[in-house]
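What follows is one structure encoded as structure tokens, with my remarks underneath.
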Amino acid sequence: MFQIIGIVVLFGMVFGGYTIAGGKMGVILHSLPYEMMMIGGAAVAALLMSNSPATLKGVLGSFGRIFAGPKWKKQDYKDLLSLLFQLTKTMKSKGVIALESHIE
């Protein structure tokens, strides 16, 4: 979700700044496919030239994980904070030695 929001903000800032500065969007829309081909092609070529095949395989394999979302969910963080609260409360009321039974 944040990836999509980031892309929308990026394009909004770039094209918004261009139009506020007095640029005409017709020029951008006319040249957009060619510009994307040049900039994207240069980025892909730089990626291919600067990395080993193993790294490239890892990069391509990671695209699915990038857009799949985070591994940890909101409930996982809530559970962790609850556990830390309980451990801290136990340590303050019964001492550090009382934590040993919980750890084992």
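FYI, it's all coordinate maths here, none of it is from the lab. Keep in mind it's a predicted model, so treat the numbers as computed, not measured. Counting neighbours? That spans all protein chains shown, and the Cβs are built from the backbone with ideal geometry, glycine included.
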>> I'd like the per residue volume of the convex hull spanned by the Cα atoms of the range 52-104, given in cubic angstrom.
In response: 128 Å³
> So which trypsin sites (Lys or Arg not before Pro) in the range 1-83 end up in coil per DSSP with only 13 or fewer other C-beta atoms within 10 Å?
Replying inline: Lys24, Lys71, Lys73
> Where a Cα-Cα gap under 23 Å defines reach, which lysines qualify for Lys92, not counting those fewer than 8 residues away within the same chain?
Replying inline: Lys78
> For the chain, what is the mean residue ellipticity at 222 nm derived from helices alone (per DSSP H run of n ≥ 4: -39500 (n - 2.57); sum divided by total residues; nearest 500 deg cm²/dmol)?
Replying inline: -28000 deg cm²/dmol
> Can you list the lysines whose alpha carbon sits under 21 Å from that of Lys74, skipping same-chain ones fewer than 8 residues off?
Replying inline: none
> Can you give me the pair-distance distribution of the chain, C-alpha pairs, 10 Å bins, whole percents?
Replying inline: 11, 20, 22, 16, 14, 10, 6, 0
